[in-house]
Amino acid sequence: IERWDGKAWTILDDQLKSPDSGFPPISSLAFDAQGALYAGGRFAGPNGVVNLGVLREGTWHNFVPSGLGANGSVRHLEADGKGNVYAVGNFKRIGDISGNGLARWDGSRWWPVVVDIEGDINKIAAGRDGVLYAAGQFTIDGQLWYVARLEGKQWTGLVSEMEVEDSALPIVLNMDVDAQGNLYIGGVFVEIAGVPAQHIAKWDGTTWTPLGAGLERPPGPILADDKGHVYVGDRLFAGGDGRADVLRWDGQAWQSLGADLFAASSTAFVYTFAKKGELLYIGGVFTEAGGVQASHVAVYDGEVWTPVGKGFDGWVSTLYVDQEGTLFAGGSFRYGSNRLLNHIARYDGAEWRPLADGLNANVSTFATDWYGALMVGGSYADDFPGVARWVSPEYLSTSPEGPPSPFRFLTAYPNPFANQAQLTISSRVAGPVRVVAHDVQGREVAVLFDGFLAENDVRTLTIRADQWPSGLYLFSILGTGAPVHRSLVHIR
């Protein structure tokens with residue numbers, strides 16, 4: 001694992017190795033508010049093969065020593081807008097609690113989620129308002145539901161009636177929540193709550209509606225962006241020749257993005273999406289995208305598809321863009337950019353770089369917790385308890401011995417930046433807050449915010465640096481509690 005600081009790459013870890021081959025070891029990455037990196041999958045850390053670990057101060061740690069691991073695999077990690085990371089999997093215990101396949105990480109410990117829901121949950125999604133959605137087949141107060149919402153401590157069923165085409169598959173395969181809080185689900189259904197909806201539907205908080213005429217096949221991954229677009233991976237034998245495609249809903253109609261994905265020796269699949277500004281990244285099983293060679297990862301700029309570096313020698317099961325705008329990939333691959341990567345890599349804008357020696361596990365999911373740590377979930381093994389966490393010391397908002405800060409930089413982008421950049425901040429407690437900028441001489445150059453933040457309030461601040469000299473600037477959130485800092489590079 002390596003980190004780009006705006007000028008050079010620094011190795012964060014170089015001791016990770018994979019015990020397996022032929023399986024996607026890394027399926028998810030995430031950061032918490034202090035910048036700690038979490039990774040999920042199956043990889044060998046200092047304490048053996050683990051399912052979920054954290055890279056802290058240059059070393060991967062699993063949750064075994066501190067009793068924070070799971071006794072089963074972690075399929076999916078999902079960060080909400082309140083600093084929590086939810087884990088779903090086949091575990092019965094996680095940390096020191098009875099998880100029953102669903103638990104919440106607050107940045108310091110695991111907590112049980114309300115348990116008045118019984119059955120199987122296969123997918124979760126969270127809105128920025130902290131509302132958690134779950135899909136599967138489960139009962140609430142004795143009634144069967146396929147989709148439900150957790151708000152506070154109360155589960156509410158959203159769908160109890162679905163007409164399906166293929167009962168062999170999970171009814172809801174994928175889901176996502178957009179910036180306005182709308183929920184999108186895709187699956188084998190053709191009718192939902194009495195409303196015809198061919199394989200995809202939208203919940204606006206009140207009613208279910210189809211997205212146009214729907215889709216010919218159940219979709220792969222779903223991504224809802226901040227501009228009202230919904231992207232889906234058409235991975236099930238599009239065209240009947242083993243090719244796959246990417247479709248986009250613009251609010252009125254579906255449009256092919258011309259991905260025309262082809263795999264040289266297998267059926268092409270789209271497994272994952274990630275969005276960075278206007279760029280749409282896809283990962284999966286393919287060797288061509290948009291008519292050009294692209295080994296399992298590609299990017300769409302709104303007009304054409306291009307490869308991302310030299311790609312990988314195996315499929316990509318998860319892509320993740322962290323709060324610094326860095327792209328991470330995990331999957332079955334061992335090599336990329338002519339170097340050993342071992343299932344996890346970071347893109348430096350030109351080629352894929354290793355994160356130390358990589359990981360040694362099947363990783364299925366990434367998320368970022370309140371303290372900026374990247375959480376990773378994946379397969380369970382005797383010496384890997386389903387979940388891991390990576391902490392970079394430069395991201396820590398306070399010393400390891402100090403209390404956690406209530407403040408967080410949610411985004412700081414772009415970095416480097418020219419005339420303008422944006423900071424998104426949040427606080428877990430109500431109180432007066434100042435956000436200031438200092439140059440490398442320690443001189444205060446700007447006050448971006450000086451006012452009151454309510455509990456869990458989120459503010460987006462604009463940096464206007466037209467008159468600033470080029471160089472490194474430190475941005476700080478100050479208030480009642482430990483300060484947090486973020487550095488950005490200004491280029492004129």
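The residue of segment 103-134 that is surrounded by the fewest Cβ atoms within 10 Å (Cβ to Cβ), among those that are in contact with a Phe, Trp or Tyr (Cβ under 8 Å, 6 or more places away or on another chain) and of a type in the set (Val, Ile, Thr), is Val114. Looking only at residues of segment 342-355 that are at pLDDT below 85 and assigned to a loop (DSSP other than H, G, I, E, B), we find that the one that is surrounded by the fewest Cβ atoms within 10 Å (Cβ to Cβ) is Asn342.
Counting only residues that are β-branched (Val, Ile, Thr) and in a strand (DSSP E or B), which one in segment 129-148 is nearest to Ala201 (Cα to Cα)?
Pass one, segment 129-148, residues β-branched (Val, Ile, Thr): 131, 139-140, 147.
Add one more test, that the residue is in a strand (DSSP E or B), and what stays is 139-140, 147.
On the way: Thr139: 22, Ile140: 22, Val147: 12 Å.
Restricting to residues being β-branched (Val, Ile, Thr) and in a strand (DSSP E or B), the top hit is Val147.
Looking across segment 204-222, the residues that are touching a Gly at 6+ places or on another chain (Cβ under 9 Å) and either of a type in the set (Gly, Ala, Ser) or not in a loop (DSSP other than H, G, I, E, B) (or both) come down to Gly205, Trp208, Gly220, Ile222. Within segment 149-172, restricting attention to residues that are under 23 Å from the mean Cα position of the chain (by Cα) and surrounded by fewer than 21 Cβ atoms within 10 Å (Cβ to Cβ), which residue is nearest to Glu118 (Cα to Cα)? Here the answer is Arg149. Going by what's in this entry, would Tyr320 be described as without any contact (Cβ under 8 Å) to a residue 24 or more places away in the chain and of a type outside the set (A, V, I, L, M, F, W, C)? Taking the combined requirement at face value, the residue does not satisfy it.
Yes/no matrix, rows are residues, columns are (1) charged (D, E, K, R); (2) touching a Leu at 6+ places or on another chain (Cβ under 7 Å); (3) under 22 Å from His490 (Cβ atoms):
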{"residue": "Gln420", "(1), (2), (3)": "no, no, yes"}
{"residue": "Leu423", "(1), (2), (3)": "no, yes, yes"}
{"residue": "Ser427", "(1), (2), (3)": "no, yes, no"}
{"residue": "Ala430", "(1), (2), (3)": "no, yes, no"}
{"residue": "Val435", "(1), (2), (3)": "no, yes, yes"}
{"residue": "His438", "(1), (2), (3)": "no, yes, yes"}
{"residue": "Leu453", "(1), (2), (3)": "no, no, no"}
{"residue": "Asp457", "(1), (2), (3)": "yes, no, no"}
{"residue": "Leu461", "(1), (2), (3)": "no, yes, yes"}
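Checked against (1) surrounded by fewer than 19 Cβ atoms within 10 Å (Cβ to Cβ); (2) of a type in the set (S, T, N, Q); (3) in contact with a Ser or Thr (Cβ under 9 Å, 6 or more places away or on another chain), Gln255 passes all but condition (3).
Per the conditions (1) at pLDDT 85 or above; (2) surrounded by fewer than 20 Cβ atoms within 10 Å (Cβ to Cβ), the sole criterion not satisfied by Val316 is (2).
The values are calculated or read from the model by the stated rules, or taken from the named source; none is laboratory data. Nothing here was measured: the structure is a model prediction, and the numbers come from that model. Ideal geometry is used to build each Cβ from the backbone, glycine not excepted, and the neighbour counts take in all protein chains shown.
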